[in-house]
Amino acid sequence: MRPPSLPLQSCTRLVARNTPARIYQRHFSQAICKRGQQPRYEPPKPPPKGSDPRLARFAKVFGIFIGISIAFAYRAVKGTGDGGKTPVSAAGFVRYNLVGREQVSSTSSIFTLRAAGTTGLDIDVDFLQRAITSVQLKQPQLQIARSYTLLPPLPDQRASDIRLLIRREEGGEVSNYLHRLPLATEIEVRGPNVEYAIPQDVHKVVFLAGGTGVVPALQVVKAVAGEADVHVLWANRRREDCQSGVSDTVQPSNTWMATLLGIVSPFGGSITPTNPQVTEVTTTPSPIVTHLQDLKASGAGRVAVDYFVDDEDTRIALRDATKLVRGSFSTAANTNGRKILFVSGPEGFVKHWAGPKVWANGVEVQGPLGGVLATADLKGWEVVKL
Ligand SMILES: Cc1cc2nc3c(=O)[nH]c(=O)nc-3n(C[C@H](O)[C@H](O)[C@H](O)COP(=O)(O)OP(=O)(O)OC[C@H]3O[C@@H](n4cnc5c(N)ncnc54)[C@H](O)[C@@H]3O)c2cc1C
């Protein structure tokens, strides 16, 4: 059996694909016997005169029995002996239980994990309210861990719970393992890790999100609601991933009608107000879409979301992104401040839009701006790859 805590390392999408990065802990229990050193033997000591060896053996066994009984009685009275606290392993993993798994689509589910003890990871701290934050989940058999971005807490969520949107990757080790787990299974979680600290003076945000890459967008919308203009362009492979999502502004860039109807939105994008995706409203809304809409409502009219679906041939076009970047925000009182364009999603998505992230000295860093955004005029904008 493997020990409960192992020195796992963070495995990102990039690492995962190129090098499965499985870290195994080896156990060497070697008897060290230096050359020339003789083992020492001592002859067994004779029993003290007058003592009965059978009585002595019985006393020993009885002593052990009494000791074990006292230990059990103590545990029964005091609980687990750790005062009810969640034990933290040497590698920083904390035990959680899988208490909920809500299916969002055929490939993705929202996982709810609850701290096994009275305390969980330190996620309820002030500075994390303004950060894009992830945690790592461990696959114990393979001893590997993967990062997952925290969904912003729901209003009625328990403080020690964490929620994650996890997509089951075809052939993926950890995501498939997690999707197979029965409820109540113990999962070891480590973190939180700050992927990006959102600056105080941010004034405008454009978010290009692919698939589960929308989760950081939810965190940003929550963090800057009402303070900055945020426009999320969310692309999915299938409609089921964003069921009932109705675009606020931009839509079908693939039709000539859109070009004719396109007018400038308060966010600088083109609006197609007469083209809501009404057919989808009749089906059960995706909980992620609902969450996004709720967060949007708290954004004082400064949040817009547009949905794109590969299967419907509505893809984010470069001109959708550049229109938003060039457009001015008529609603914003303060036009000073930082403008950030986030690109968040699977490795291929990020690479397509902004070029790959790169490794430097064992750390994954942003790397130069590449992809299609490198061909656009983004003067005054910072691009952040997630
Ligand atoms: C900061 C951060 C936040 C993230 N947040 C989320 C999130 O919120 N939700 C989410 O779902 N994911 C998120 N991810 C991605 C997540 O960490 C995992 O990368 C993802 O779940 C896949 O892990 P896996 O172990 O299932 O797949 P892996 O086993 O790592 O495989 C990934 C893909 O590569 C293929 N592959 C593996 N090995 C090879 C090989 N040798 N040759 C060819 N192909 C191979 C697999 O078939 C699979 O399609 C995040 C990643 C990072 C870095």
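The values are calculated or read from the model by the stated rules, or taken from the named source; none is laboratory data. The shown structure was predicted, so the numbers you read here are calculated from the model rather than taken from an experiment. Here Cβ is always computed from backbone atoms with ideal geometry, including for glycine, and neighbour counts include all displayed protein chains.
Just a few scattered comments:
- Residue ID - nearest to the ligand (Cβ to nearest atom), chosen from residues in region 110-140 that are of a type in the set (S, T, N, Q) and in a strand (DSSP E or B): Ser134
- Subset of region 98-109 that is assigned to a loop (DSSP other than H, G, I, E, B) and of a type outside the set (A, V, I, L, M) - its residue that is nearest to the ligand (Cβ to nearest atom): Thr107
- Residue among Ala217, Ala197 that alone is surrounded by fewer than 19 Cβ atoms within 10 Å (Cβ to Cβ), of a type in the set (Gly, Ala, Ser) and touching a residue at least 60 places away in the same chain (Cβ under 8 Å): Ala197
- Evaluation of Gly226 against (1) surrounded by 19 or more Cβ atoms within 10 Å (Cβ to Cβ); (2) in the same structural domain as Asp320 (by TED's automatic domain parsing); (3) of a type outside the set (A, V, I, L, M) (one fails), failing number: (1)
- Qualifying residues in region 334-360 (those that are over 18 Å from Gln219 (Cα atoms) and aromatic (Phe, Trp, Tyr)) - the one surrounded by the most Cβ atoms within 10 Å (Cβ to Cβ): Trp353
- Within region 295-309, residues that are assigned to a loop (DSSP other than H, G, I, E, B) reach partners that are among the aliphatic types (A, V, I, L, M) with beta carbons closer than 6 Å, at six or more positions or on different chains, in the pairs Ser298/Ala225; Gly299/Ala225.
- Considering (1) away from the ligand (no atom under 14 Å from the Cβ); (2) among the hydrophobic types (A, V, I, L, M, F, W, C); (3) more than 24 Å from Asp122 (Cβ to Cβ); (4) surrounded by 23 or more Cβ atoms within 10 Å (Cβ to Cβ), the lone condition that Ala209 does not fulfil carries the number (1).
- Residue count for region 361-386, restricted to those that are surrounded by fewer than 13 Cβ atoms within 10 Å (Cβ to Cβ) and within 16 Å of the ligand (Cβ to nearest atom): 3.
- The set of residues in region 198-215 that are part of a strand (DSSP E or B), among the aliphatic types (A, V, I, L, M) and modelled with pLDDT of 95 or more comprises Leu208, Ala209.
- Residue ID - nearest to Val215 (Cα to Cα), chosen from residues in region 141-162 that are near the ligand (Cβ under 10 Å from one of its atoms) and either without any contact (Cβ under 8 Å) to a residue 12 or more places away in the chain or surrounded by fewer than 21 Cβ atoms within 10 Å (Cβ to Cβ) (or both): Ser147
- Failed condition for Gly191, given (1) at pLDDT 95 or above; (2) within 14 Å of the ligand (Cβ to nearest atom): (1)
- Scope region 163-187; condition within 8 Å of the ligand (Cβ to nearest atom) and outside any helix (DSSP H, G or I); matching residues: Leu164, Leu165, Ile166, Arg167, Arg168, Glu169, Glu170, Gly171, Gly172
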